[in-house]
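A short worksheet on the structure shown next.
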Amino acid sequence: MEGLADDILRDCLTRIGGIDLCVTEFIRVTTQLLPPKVFKRLCPELANGCKTPAGIPVRIQLLGSDPAALAANAVRALELGSPGIDLNFGCPAKTVNRSQGGAILLQEPQRVAHIVATVRQAIGDDAWLSAKMRLGFATKDLAIENAKGIEGAGANELTVHARTKVEGYRPPAHWQWIEKIRRQVSIPVIANGEVWTPEDYTTCQQVSGCDDVMIGRGLVWKPDLALQICHLQIGHPAQEWDWSALVPTVLYFIDLVAAQVEVRFQHARIKQWLKLLGRIYPQADACFEQGKRLKTLNELRSLVTHSR
């Protein structure tokens, strides 16, 4: 989730609990070996053993189409401390696809497999290599071929977003296709798409056969979702967080933004998350609407504090 799931939000969400692993926003790779500062900017956790302050590992994700360049940057990411490499074959953004990155590559399974194989050869057999894919670009006809190619090329793990690029983020997610893929490969498969509630997780697990899920937007909108699912897995459902319980996390987020984000972008960054939280919490939506008229972060902080 480019421009959203940065180290600030990763810090906030992993403090709540239930998250086993984070993946960075994708790092765009063209034909060049990127300097270390690029990796450190998008993954500041490298300075902390590539873990969030809560101790949750962060894996660097690369996006591109040049096998040699991806391989070289994968080696650099590992040298800098990433506990593995994740390759993005799922991004549906038009700008990314136009530059031959993300989901558009799924139209050419042999090309996808070649990228994975080249990265595997460069990083060696012991490094962890995962990939994320959608079910295809316009159709699902090549979903299994792509998955088997990714496995055969040396990936240790595969996350499947259960929609095509053309389907975007429109419901439903086709979890039954993840089950088809899971039966055709022997590496672990992680389900992704349309998990908004613990009940969604249960249904996804039943349909896809996957115990593990990758959650993106659902966790941004409902920050205790992973914790809820974690408790559900062990048979002890946790009490759902209300807005009052979440306010300290939002205030911590505001403090991090104040300390780490350029002043001209601070208000937009905070309001972005309040707007998304407003899909679940009416109080967050009220803070977003009232916050439009506020000029300082102290006013915004006070607004959130008194919204409980």
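Please work out which one of (1) more than 24 Å from D6 (Cβ to Cβ); (2) over 19 Å from the mean Cα position of the chain (by Cα); (3) assigned to a helix (DSSP H, G or I) is the condition Q100 fails and give its number.
The single condition Q100 does not satisfy is (3).
Do we find that T118 is among the polar types (S, T, N, Q) and out of contact with any helix residue (DSSP H, G or I) (no Cβ under 6 Å at 6 or more places or on another chain) in this structure?
On the way: among the polar types (S, T, N, Q): yes; out of contact with any helix residue (DSSP H, G or I) (no Cβ under 6 Å at 6 or more places or on another chain): no.
It is false that T118 is among the polar types (S, T, N, Q) and out of contact with any helix residue (DSSP H, G or I) (no Cβ under 6 Å at 6 or more places or on another chain).
What's the number of the only condition in (1) outside the structural domain of T159 (by TED's automatic domain parsing); (2) in a helix (DSSP H, G or I); (3) under 28 Å from T159 (Cα atoms) that I280 fails to meet?
The one condition I280 does not meet is (2).
Quick check: is even one residue across segment 165-175 in contact (Cβ under 8 Å) with a residue 12 or more places away in the chain, of a type in the set (S, T, Y) and assigned to a loop (DSSP other than H, G, I, E, B)?
Checked against the condition, which is being in contact (Cβ under 8 Å) with a residue 12 or more places away in the chain, of a type in the set (S, T, Y) and assigned to a loop (DSSP other than H, G, I, E, B), segment 165-175 yields at least one hit.
Find all pairs meeting these conditions: Cβ atoms under 7 angstrom apart; at least six residues apart or on different chains; first residue within segment 102-129 and assigned by TED's automatic domain parsing to the domain that holds A153 and on the phi > 0 side of the Ramachandran plot; second residue surrounded by 19 or more Cβ atoms within 10 Å (Cβ to Cβ) and not charged (D, E, K, R).
From residues that are assigned by TED's automatic domain parsing to the domain that holds A153 and on the phi > 0 side of the Ramachandran plot, the pairs are G102/L63; G102/N88; G102/F89; G102/G90; G102/C91; G102/P92; G102/V96.
Name every residue in segment 97-134 that is charged (D, E, K, R), in contact with a Leu (Cβ under 7 Å, 6 or more places away or on another chain) and under 16 Å from D66 (Cβ atoms), in order of residue number.
R111, R120
Just for segment 25-67: of the residues that are among the charged types (D, E, K, R) and assigned to a helix (DSSP H, G or I), which one is surrounded by the fewest Cβ atoms within 10 Å (Cβ to Cβ)? Please lay out each step first, then the result.
We begin by selecting, within segment 25-67, every residue among the charged types (D, E, K, R); these are 25, 28, 37, 40-41, 45, 51, 59, 66.
Those still in the list that are assigned to a helix (DSSP H, G or I) too: 37, 40-41, 45.
Numbers: K37: 8, K40: 14, R41: 13, E45: 24.
Once the filter is applied, the top-ranked residue is K37.
Out of (1) modelled with pLDDT under 95; (2) not in a loop (DSSP other than H, G, I, E, B), the odd one out for L246 is which?
The single condition L246 does not satisfy is (1).
For E194, indicate whether it is in a loop (DSSP other than H, G, I, E, B), crowded, with 19+ Cβ neighbours inside 10 Å and at positive phi. Give the derivation first.
Working: in a loop (DSSP other than H, G, I, E, B): yes; crowded, with 19+ Cβ neighbours inside 10 Å: yes; at positive phi: yes.
Yes.
Does at least one position in segment 96-109 carry a residue that is over 27 Å from E151 (Cβ atoms), crowded, with 18+ Cβ neighbours inside 10 Å and out of contact with any Cys (no Cβ under 7 Å at 6 or more places or on another chain)? Steps first, answer last, please.
We begin by selecting, within segment 96-109, every residue over 27 Å from E151 (Cβ atoms); these are 98.
This time we only want the ones that are crowded, with 18+ Cβ neighbours inside 10 Å, so: none.
For segment 96-109, residues over 27 Å from E151 (Cβ atoms), crowded, with 18+ Cβ neighbours inside 10 Å and out of contact with any Cys (no Cβ under 7 Å at 6 or more places or on another chain): absent.
Conditions: (1) part of a loop (DSSP other than H, G, I, E, B); (2) modelled with pLDDT of 95 or more; (3) over 29 Å from I270 (Cα atoms). A162 meets all but one. Number of the miss?
Among (1) part of a loop (DSSP other than H, G, I, E, B); (2) modelled with pLDDT of 95 or more; (3) over 29 Å from I270 (Cα atoms), A162 violates only (1).
Please work out if A238 is in contact with a helix residue (DSSP H, G or I) (Cβ under 9 Å, 6 or more places away or on another chain), free of Cβ contacts under 8 Å to residues at least 40 places away in the same chain and within 30 Å of V189 (Cα to Cα). First the steps, then the outcome.
Details: in contact with a helix residue (DSSP H, G or I) (Cβ under 9 Å, 6 or more places away or on another chain): yes; free of Cβ contacts under 8 Å to residues at least 40 places away in the same chain: yes; within 30 Å of V189 (Cα to Cα): yes.
Yes; evaluated as a whole, the condition is true for this residue.
The values are calculated or read from the model by the stated rules, or taken from the named source; none is laboratory data. None of these values were measured; they are calculated from a predicted model. Virtual Cβ from ideal backbone geometry, glycine too; neighbours counted across all protein chains shown.
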